[in-house]
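The values are calculated or read from the model by the stated rules, or taken from the named source; none is laboratory data. Fair warning: this is a prediction, and the values are worked out from it, not measured in the lab. A quick note on method: Cβ atoms are made from the backbone with ideal geometry, for glycine too, and the neighbour counts reach across all protein chains shown. For the accessible areas, the whole protein counts, side chains as well, though only heavy atoms, and no ligand, DNA or RNA atoms are used. Shrake-Rupley method; radii C 1.70, N 1.55, O 1.52, S 1.80 Å.
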Amino acid sequence: SNIGNVYWDLGVKQKALERFNQALPLQRAVGDRQGEADTLGSIGMVYWGLGEKQKALGYFNQTLPLWRALGDREGEGITLNNIGEVYADLGEKQKALDYYERALPLRRAVGDRTGEAETLNNIGEVYSDLGEKQKALGQFTQALQLTRAVSDPSSQGLVLSNLMRYWQADHHAGLAIFFGKQAVNQYQDLRRNI
């Protein structure tokens with residue numbers, strides 16, 4: 001599994017998938033349910049990265065009951081968010097919203113503020129796609145506050161980019177430029193720190 005994670009980090013998705021598929025039966029054989037849940041989620045991420053969304057969804061759906069059985073609310077929240085992201089990619093916005101709204105209280109309950117910001121941002125994107133501008137703005141604003149509170153420049157850049165697109169679509173060029181410049185600054189800070 002760890003070798004699979006390294007291949008995933010290196011962007012070598014097929015090798016990552018091979019290693020995860022080698023690890024999974026071993027984890028099942030020794031009853032390592034947490035390892036099994038992690039690996040199933042990782043396989044789902046690889047398939048998602050390969051553009052095989054239905055396969056990704058299948059693996060995420062296998063992961064969800066394991067996290068619940070383990071009482072791992074963090075794993076459950078991450079998985080619900082991932083399922084929501086796949087549905088969003090598939091254009092099933094209402095299903096995506098349902099999964100995000102189920103993930104959000106779990107992420108809050110375990111104190112995962114970065115994850116909470118990610119889910120709020122995702123909800124904002126869905127509301128934006130559905131044309132519910134005020135709801136989108138509310139979610140983006142909450143997400144921005146959280147990303148600033150936890151000093152997460154990558155997530156902050158993403159939220160700022162979404163706010164830029166939001167204001168651009170609403171024909172407020174000045175605000176779009178304001179948030180766009182902030183997003184660029186966050187990404188430049190990231191590059192400087194690499």
| Among the residues listed as 34, 14, the single one being exposed (fewer than 13 other Cβ atoms within 10 Å of the Cβ) and either within 17 Å of residue 75 (Cα to Cα) or touching a Leu at 6+ places or on another chain (Cβ under 9 Å) (or both) | 14
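Being aliphatic (A, V, I, L, M), at pLDDT 90 or above, under 17 Å from the mean Cα position of the chain (by Cα) and over 27 Å from residue 34 (Cα atoms) narrows it down to one of 80, 160, so name that one.
One residue alone meets the criteria, 160.
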| task | Working carefully through the options 82, 121, 61, find the one that is free of Cβ contacts under 8 Å to residues at least 60 places away in the same chain, open to solvent by 60 Å² or more (accessible area, probe 1.4 Å) and part of a helix (DSSP H, G or I). | result | 61
| query | For the stretch 102-143, how many residues are acidic (Asp, Glu) and under 13 Å from the mean Cα position of the chain (by Cα)? | reply | 4
| remark: Counting only residues that are polar (S, T, N, Q) and open to solvent by 70 Å² or more (accessible area, probe 1.4 Å), the stretch 124-141 contains a total of 1
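Going by the conditions given, is residue 97 in contact with a Lys or Arg (Cβ under 6 Å, 6 or more places away or on another chain) and crowded, with 19+ Cβ neighbours inside 10 Å?
When the stated conditions are applied, residue 97 does not pass them.
Looking at 155, 151, can you tell me which residue is surrounded by fewer than 20 Cβ atoms within 10 Å (Cβ to Cβ) and of a type outside the set (Phe, Trp, Tyr)? Quick ask: steps written out before the conclusion?
Numbers: 155 fails: surrounded by fewer than 20 Cβ atoms within 10 Å (Cβ to Cβ).
Going through 155, 151 in turn, the sole match is 151.
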